[in-house]
1. Over 29 Å between Cα atoms: which of Lys90/Lys201; Lys90/Lys170; Lys35/Lys201 fall into that group?
2. In debye, nearest 20, what is the charge dipole magnitude of segment 79-194 about its Cα centre with +1 on Lys and Arg Cβ and -1 on Asp and Glu Cβ, if you could check?
3. Might you tell me the accessible area per residue for the chain, computed with a 1.4 Å probe and given in Å²?
4. Distances over 18 Å make up what percent of all Cα-Cα pairs in segment 64-214?
5. How much mean residue ellipticity at 222 nm does the chain get from its helices, if each DSSP H run of length 4 or more adds -39500 (n - 2.57) and you divide by all residues, to the nearest 500 deg cm²/dmol?
6. Taking only the Cα atoms of segment 130-214, how large is their convex hull per residue, in Å³?
7. Of all the Cα-Cα pairs you can form in segment 127-176, what percent are over 18 Å apart?
8. Would you look at the GNM of the chain, springs on alpha carbons closer than 10 Å, and say which of Ala175, Ala46, Ala109 moves the most?
Amino acid sequence: MLKNLLVASSLALTVSLAGCQSAYYSAWEQVGVEKRDIMVDRVEDAKESQEEAQEQFSSALEEFSALVNFDGGDLEDVYNSLNDEYEDSKSAAEDVSNRINKVQSVAEALFDEWEEELDEYENTTLRRESESKLRQTRQRYEDMLRAMRNAEGKMDPVLQRLQDNVLYLKHNLNANAIGALQGELTTIRGDVDTLLAEMSKAISESDAFIASMR
């Protein structure tokens, strides 16, 4: 849909670089792409980023598990691997947050426009139906956004613990350091499990919202 509209993409990119959201949405509308289409596309992107983040945080947990079960080899390699997983997890978390913000941005524009256009109806029956649809859509969106933000909030504790352990290991590359970190595994695993569960809820809410918009 959106990705195949090359002309529209070029136009939208131009106004996006100017930093004006209203001009950005207007540019899309000129080529027949409405805010609801952009919203669905962005929800799909946000869902995709959460799925990728689930995989990344799972990978980081596996790497940390391998670390605390270290039984020989080059400790510096182990540190580098864990540090890479932390950096990748941090990048994945930033992507999730950015995409959620984009969903929220277009949602606010869509609902503001929808609300304003209710006053343009002369047919009261059609107005009531549109108003009812707006309430339903907004409620589904709020449920989805809440789930997304809940999952987003669970990323920070995991990232902080990973960062703490990476920093500790950086300055203590020895077997004693590994022993000191073993007690961290249970806590990190619990945090990651909670995060993955919350992300699964957000992904399910995204699927339901996308289906309702189509």
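1. none
2. The dipole of segment 79-194 has a size of about 600 debye.
3. Normalised by residue count, the accessible surface of the chain is 54 Å².
4. Result for the distance tail: 67 percent.
5. Theoretical 222 nm ellipticity from helices: -30500 deg cm²/dmol.
6. About 82 Å³ per residue, rounded to a whole number.
7. 60
8. Most flexible of the set in this elastic network: Ala175.
The values are calculated or read from the model by the stated rules, or taken from the named source; none is laboratory data. Treat the numbers as computed from the prediction; the structure is a model and nothing was measured. Cβ atoms come from the backbone with ideal geometry, glycine included; neighbour counts cover every protein chain shown. In case anyone asks, the SASA skips ligands and DNA or RNA and just uses the protein heavy atoms, side chains included. Shrake-Rupley method; radii C 1.70, N 1.55, O 1.52, S 1.80 Å.
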